[in-house]
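The values are calculated or read from the model by the stated rules, or taken from the named source; none is laboratory data. Bear in mind the structure is a predicted one, so any value in this text is a computation, not a measurement. When we count neighbours, we look across all protein chains shown, and the Cβ atoms used for this are built from the backbone with ideal geometry, even at glycine. For the accessible areas, the whole protein counts, side chains as well, though only heavy atoms, and no ligand, DNA or RNA atoms are used. Shrake-Rupley method; radii C 1.70, N 1.55, O 1.52, S 1.80 Å.
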Amino acid sequence: MARGGPRLEHGRRLELGRSFQDGGEHYQRVRPGYPADSADWLIPAGAADAVDVGAGTGKFTALLLERSLAVSAVDPSPDMLEQLRAHYAAADATQGTAEATGLADSSFDVVSVAQAWHWCDPLPASTELARILRPGGTLGLIWNQLDTSVPWVHRLSRIMHAGDVYKPGFRPVVGPEFEGLESHVTRWEDSLSTADIMELTKSRSYYLRAGEATRGKVLANLDWYLHEHLGHAAEEEISLPYLTLTWRATKA
């Protein structure tokens, strides 16, 4: 059972997920990448082929390519894939979902799903991803989240409505096709300006689905918190603490 994560029923999951269909350029510019440690822990020795599912603009795809894997990338958004192709031309990018990738059976050593498993229907997605993995292949689920153990970041996450912050004890749901689920945590910091934090907030599903009045309130609260309450100067570079949660399981 999953514990401590967002609880989304199917219709709400689809509604929020559609908020990322457009805005690929903005997402690519403001969202953080992933630490190298996450990919190093996930990818087994000897892996040659990987597919990044829910790849978005290619934030995790980049780490797979850097490790000399032959990489396919799948995402439902043409806008996101346009950015991925522009930045990571070596990846074979196609439109699809975790539940229906359109890829061939037993074609990959690794399947990664970064910042996207909570938008998937986990049991049908597990069946599909097991189909495209070779026997003994690795499923990787990855999340960046703000490190809310730091008090000022905890309050920031509430103002930003960062709904993908998982509590201790969280365990993602995967289907019976996979075994040996284990986790790894990487602590790191992203250097960005207060203006970048404002833009980061605009890339989150809560903001994207909100009305103008709610958006205005969120940004006003952020402006007060960063510049008045915390005392940062406008455009000042600050270090924002993150955790990257990486899970891996083996095709049974």
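For the stretch 51-73, a residue qualifies if it is outside any loop (DSSP other than H, G, I, E, B), surrounded by fewer than 24 Cβ atoms within 10 Å (Cβ to Cβ) and not hydrophobic (A, V, I, L, M, F, W, C), and exactly one does: Glu66.
Can you say whether Ala48 is open to solvent by 30 Å² or more (accessible area, probe 1.4 Å) and touching a Leu at 6+ places or on another chain (Cβ under 8 Å), as far as the supplied structure shows?
Numbers: open to solvent by 30 Å² or more (accessible area, probe 1.4 Å): yes; touching a Leu at 6+ places or on another chain (Cβ under 8 Å): yes.
Spelling it out, Ala48 is indeed open to solvent by 30 Å² or more (accessible area, probe 1.4 Å) and touching a Leu at 6+ places or on another chain (Cβ under 8 Å).
If we keep just the residues of the stretch 149-176 that are crowded, with 17+ Cβ neighbours inside 10 Å and small (Gly, Ala, Ser), which is modelled with the lowest pLDDT? Among those that are crowded, with 17+ Cβ neighbours inside 10 Å and small (Gly, Ala, Ser), it is Ala162.
Ser72 - would you say it is closer than 18 Å to Ser107 by Cβ, at pLDDT 65 or above and touching a Phe, Trp or Tyr at 6+ places or on another chain (Cβ under 8 Å)? Taking the combined requirement at face value, the residue satisfies it. Output yes when any residue across the stretch 233-252 is farther than 25 Å from Pro168 by Cβ, touching a Phe, Trp or Tyr at 6+ places or on another chain (Cβ under 9 Å) and assigned to a helix (DSSP H, G or I), and no when none is. Within the stretch 233-252 (the criterion being farther than 25 Å from Pro168 by Cβ, touching a Phe, Trp or Tyr at 6+ places or on another chain (Cβ under 9 Å) and assigned to a helix (DSSP H, G or I)), the answer is no, since none of the residues qualifies.
Among the numbered conditions (1) in a helix (DSSP H, G or I); (2) touching a helix residue (DSSP H, G or I) at 6+ places or on another chain (Cβ under 8 Å), the only one that Gly175 does not meet is (1). Beta carbons closer than 8 Å, at least 6 apart along the sequence or on distinct chains, pair a first residue in the stretch 66-94 that is within 10 Å of Val51 (Cβ to Cβ) with a second that is charged (D, E, K, R) and crowded, with 23+ Cβ neighbours inside 10 Å for Val71/Asp52; Ser72/Asp52; Ala73/Asp52; Val74/Asp52; Ala91/Asp52.
Which residue out of Leu245, Leu230 is closer than 25 Å to Phe60 by Cα and either among the charged types (D, E, K, R) or open to solvent by 20 Å² or more (accessible area, probe 1.4 Å) (or both)? Let's see the steps before the verdict.
Details: Leu230 fails: closer than 25 Å to Phe60 by Cα.
Answer to the check: Leu245.
Scanning the stretch 178-226 for residues that are in a helix (DSSP H, G or I), β-branched (Val, Ile, Thr) and surrounded by fewer than 17 Cβ atoms within 10 Å (Cβ to Cβ) returns a single hit, Thr214.
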